Every structure is written in structure tokens, then in C-alpha cells.
Amino acid sequence: MDIWGGLLVALYITNCISAISLIFTRKADVGATLAWLMVFLFLPVVGFILYFFFGSTVKYQWFYRQEPPAALTEAYSRALQNNRAQLKAGKLPLQQAVQLQYQDIVRMNQTNAHSMYTADNQVELLVNAQAKYARMFEEIRAAKKSIHVFYYIIKTRDESGQQFLRLLEEKAREGVEVRVAYALMGCLKARRRDFEPLKRAGGMVYSHLPTWFSSIVSVNYQMHRKMVIIDGQVAYTGGINIGDDYLGLDKKRTPWRDTSIRLTGSSVRAVQLQFLTDWHYLDRKTAKSKAYADKVTSPERLRSYFPEPRETGNMGVQILASGPDQEYAVIKDSYLKMINSAQRYVYIQTPYLVPDDALIEAMRLAARSGVDVRVMIPGIPDKKFVYYITLSHVEELLKNGIRVYTHEGFLHAKTFVLDDCIASVGSANFDLRSFHLDYELNAMVYDGAFARQCRDTFQNDIRHSRELTLEDYRKRNWLQKICESFCRLVEPLA
């Protein structure tokens, strides 16, 4: 047998072993397991390779698990344990409706997502990039100590991207610590040289992941979080990246509707901790000759990163971070818990609607119980393949009394609000990829006024949307039905 024959036999044996082990390692996801078994059956040589790159998260748990800097781990564990004890003893300030009806959501996120609850926050809703950029750029200009940035997309050739980088460069020249991380797969059109002026000015820049090998192995698992933390006092997160299309300047996808938030108070520390965890991970994965000597783990740096809040409020907040290296899909769990807890209404905005059976059942039961369940999706898609999967779920929702709207443009907002009490705003879409494959960050806000603002924003967006009816939906042409059926067939592979 020649070397190529031996290689094929080795791959085939590996394929069979992987297929058998798959049955025992993916017990909780029968649909995905069966789909991958079909891949192994019909593509016996390359099935293992496809699964390794696009299906398995075991390699992440082995090689890419992210942990906070050791200097913070023990302190955070003690603080979280104390936070849980305070909630159990009724010593945490909760708004009355949350305390009476939704305290179990707070408790679940403490335990399931290891998310601390803080009650001294102010949260500002930003419903377009114009509002976010104006507010954020102004505060970056006023920064004195540190600016920490992590974006899935920074469009370095756009005017807004160039303005953002120039601003960071100016602050780095002033002596402000500037650290920027971006997702390599989200910034395919960006070049490393685009960040050189910032680096020459003293800024520090990493891509996720920092080596080509890591990027190839992890091509299916993206850093989708959006975080900007200024002087440890102000944090921005949500759905808006850096680029002109977020300003509505993309001629194909306009108008563009998106949402971000500005946080102050103790919740900023949780966002800061997540950034430091991500940066610490990138630092460890970068070759020593290319890594920065200025470490986020140095004692003097850590002291400056977590100052006492200057601007506070009375809103309760939990920061939820999820990723493929975690045992549970904590953001999906939060959505599921919110749907099951809703008593009056649930409003969801998402660019991609790819729920699993558990979420569909929860939405169906909520609607059948008299809860006003509404979902808003884009009218203009950016990814046709995912959009067909999204549309394939619409009929089932409509049949069960769930109202579905298509926005007149591209809807990129990822918001979730219920009962004028709780709202979630973040980077996570309502889809399997966000739940299981990508690194995401959401803010759960427990405040009546903020929830009503999110509700009013949804209702205002209805005026710029078209409500789908079951009768109209069933009139779609045969080609669309075929596309939906085909795309839905491979949905579990995500």
C-alpha cells in the first residue's frame, strides 16, 4: 500500500471513530448529531475534517478556554459568592416588580453565567450609530488613563473607521493606554498596516486569533463581542461595530437599524473584567517575541482598571458573557428563562432568527398562555442563506399567535424586553451560532423605565415595518420555499 492509500485508510478509520464518539459526546443535541452522522456517512474521507473545523467545540475546551487573570479569579469568586448570599438574604436592592416576580432570573444568571448583580448603574439606550459614535468619541477624547476596545468589525477603510483610529492614535500619543483587539474574520478587508500608525503612537493591537494556525482551526468560532471601556468608568456594548454601513451609508442595506448601550456604575467593572480576560488570553496565545511587554496582569495596572464609579444610578445590571469554551449556552438560557417568566409581553429584535426546539416551544407556550409575543426581523437581509433559515421559522410562529414584523431596512439590533421590567441588549443574535459557537456579551437591565424605553423603541420600529400574516406568508413563490427547505435541512450543522 502506498503512502496515499495509507493516508486514506487512516482518514477513514478516524472518520469512523469520530462518528462513534460523536454519539456519546453530543447527547444533548440530537438534531446536530444526526446531521453530522449523515456528513460522516456521505463524505467518509473529509467528514472528520469538516467536523473538526465546523462542528466540534471540544478543541476549544481543551486548548482555547479563556480564564480571567489569576490575580482576579479568586477575588471575583469571593465577590460573586457574597453577591449570591446577599440576594438570598434579601439584601440586594431590587425594583419591586423584579423582587416579586423575576428574582429567579437574577439568581439563575448568578449561578449559571457566574454574573454578578449590581444595582448602582445608569444605562443609556443608543438606537443608532450616529448617537453612539458622537457620545463615545467625545468620551474617548476626554480619556485620561485607559481606552480598551474589542470589536468584531472595524472597517479601517471607511471614514468612520479612520476617524476612530485617528482618535485612538491621538490619545496614545498623549500617553493614554490604548489597547485594541479585533476579530480577524470580521475584518477581512482590514490590513495589519492600517493599525500601524496607532501602534507607532504607543497603542497596542491584537487580532483574534493572533496566529494563522489558531485562526484556521477556529474559523467557525468568532469573537463577536463589542466592548469599549474608557478609564474604567464608562462602557459601551451592544450590536454596533465601527463602519460607515452602521451609519446607514450602505446603499444595499439601508435604512440600518441598530442598538447599543452606554453603561456607568459598577457594571462597567464586569465589562472591564471580560476585556481583560480576552486580552490576557490573546497575550498568552501570541508568540513571546510579538507579545506586548506591558501586561494587563501587572498589579499597578489592575488597580487602575477598577476605580470607584464616578457616575452612578439605580438600575440593576448583570453582564452575561458566553462562548464555545463554556459548558452551557448561558445567553440562550437567559432568553429561555425570560420567555418562560413573561406574564404580559415579550418583544424580540434580531437580524437572524434561528431558534432551537426549546426556544420555539417556550415562545409557543407563552403565546398560547396569553403573552403578547412579537418578533422583528430585517426586511433587507445581509446573508441570504441565514435569511432563508429565518423565514423558514416564520410559519410556525404565526400559526401559534406570535406576531412577526419585517423592518423596512436591515435590522441589526439584538434586543429583548418583557413586561416593562427587564431588557437585554447585547451582541448575541437569536440564533444557534450566537448561542453555541461565538463569543458574545449581553447586558441584562432590571429597570422599569429602561424596559419601557426599549418597548417604545420596538413599537416605534413597527411603524417602519410590515407585519407578516399567515395568509400572505403562504403565498410566497415556490423558489423561496425550496431555498428555505434546503437551508433548513443543514441548520443543525451550526
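The values are calculated or read from the model by the stated rules, or taken from the named source; none is laboratory data. Owing to the predicted nature of the structure, the values given are computational and were not obtained by experimental measurement. Here the Cβ is made from the backbone with ideal geometry for all residues, glycine too, and neighbour counts use every protein chain on show. The accessibility values were calculated without ligands, DNA or RNA, using every heavy atom of the protein model including side chains. Shrake-Rupley method; radii C 1.70, N 1.55, O 1.52, S 1.80 Å.
Some notes on this structure:
- Sorted peptide list for 77-85, 308-316, criterion being average Cβ within 10 angstrom, highest first: 308-316, 77-85
- Rounded to whole Å, sorted largest first: equivalent-ellipsoid semi-axes of the stretch 112-164, Cα gyration tensor: 25, 15, 14
- Gyration tensor verdict on the stretch 403-457 (Cα atoms; rounded if a/c is under 1.5, prolate if a/b is larger than b/c, oblate otherwise): oblate
- Scanning residues 5 or more positions from A181 or on other chains, those with amide H under 5 Å from its amide H are V149, F150, Y151, Y206, with H placed 1.01 Å from N in the peptide plane.
- Relative packing of peptides 450-462, 468-480 - highest average C-beta neighbours within 10 Å first: 450-462, 468-480
- At q = 0.09, 0.15, 0.20 Å⁻¹ the log10 of I(q)/I(0) for the stretch 84-227 amounts to -0.43, -0.90, -1.14, computed by Debye summation with a single uniform scatterer per C-alpha, solvent ignored.
- Its relative contact order, with pairs defined as Cα atoms under 8 Å and 6+ residues apart, puts the stretch 337-494 at 27 percent.
- Using a Förster distance of 22 Å, the FRET efficiency for R368-Q101 (Cβ separation, nearest 0.05): 0.65
- Cα gyration tensor shape of the stretch 425-478, rounded if a/c is under 1.5, else prolate or oblate by comparing a/b with b/c: oblate
- The HN-Hα couplings worked out from phi for the stretch 138-151 by the Karplus form 6.51 cos²θ - 1.76 cosθ + 1.60 (θ = phi - 60°) are 4, 6, 5, 4, 8, 4, 10, 10, 8, 9, 10, 10, 9, 10 Hz, whole numbers, x standing for Gly and Pro.
- nm² value of the averaged projected area, convex hull over the Cα atoms of the stretch 163-293: 9.1 nm²
- The stretch 93-173 - percent of accessible surface contributed by carbon and sulfur, probe 1.4 Å: 48 percent
- For the stretch 80-147, the spherically averaged projection of the C-alpha convex hull amounts to 6.8 nm².
- Cleavage-rule hits (chymotrypsin sites (Phe, Trp or Tyr not before Pro)) in the stretch 213-321: DSSP loop, at most 16 neighbouring Cβ within 10 angstrom: Y292
- Accessible surface, the stretch 444-485, averaged per residue in Å² (probe 1.4 Å): 59 Å²
- The convex hull built on the alpha-carbon positions of the stretch 224-343 has an orientation-averaged projected area of 11.5 nm².
- Pairwise inverse Cα distances across the stretch 344-383, averaged and inverted, put the Kirkwood hydrodynamic radius at 11.1 Å.
- Cleavage-rule hits (GluC sites (Glu not before Pro)) in the stretch 157-213: DSSP loop, at most 13 neighbouring Cβ within 10 angstrom: E174
- Spin-label pair L249-R303: with each label point 7 Å from Cα along the Cα-Cβ axis, the two points sit 4.3 nm from one another.
- Packing, as the average of other Cβ atoms within 10 Å across residues, places the peptides 127-140, 347-360 in the order 347-360, 127-140, highest first.
- Inter-centroid distance (Cα atoms) of the stretch 125-158 relative to the stretch 271-295, Å: 21 Å
- Rounded accessible area per residue of the stretch 92-230, 1.4 Å, Å²: 41 Å²
- Computed 3J(HN,Hα) for the stretch 284-297, one whole-Hz value per residue from the Karplus formula 6.51 cos²θ - 1.76 cosθ + 1.60 where θ = phi - 60°, is 6, 8, 8, 4, 4, 5, 10, 6, 7, 6, 7, 8, 6, 8, glycine and proline marked x.
- Over the Cα atoms of the stretch 262-318, the radius of gyration divided by the Kirkwood radius equals 1.08; this is the Rg/Rh ratio.
- Derived value for the stretch 364-489: Kirkwood hydrodynamic radius 15.8 Å. Basis is the mean of 1/r over every pair of different alpha-carbon atoms.
- On the basis of the beta-carbon distance and an R0 of 25 Å, R284 and Q81 show a calculated FRET efficiency of 0.40.
- Charge-dipole axis of the stretch 91-215 as Lys and Arg at +1 and Asp and Glu at -1 on Cβ define it, positive-most pick from T156, N128, S146: T156
- Using a probe radius of 1.4 angstrom, the carbon and sulfur fraction of the accessible surface of the stretch 305-359 is 41%.
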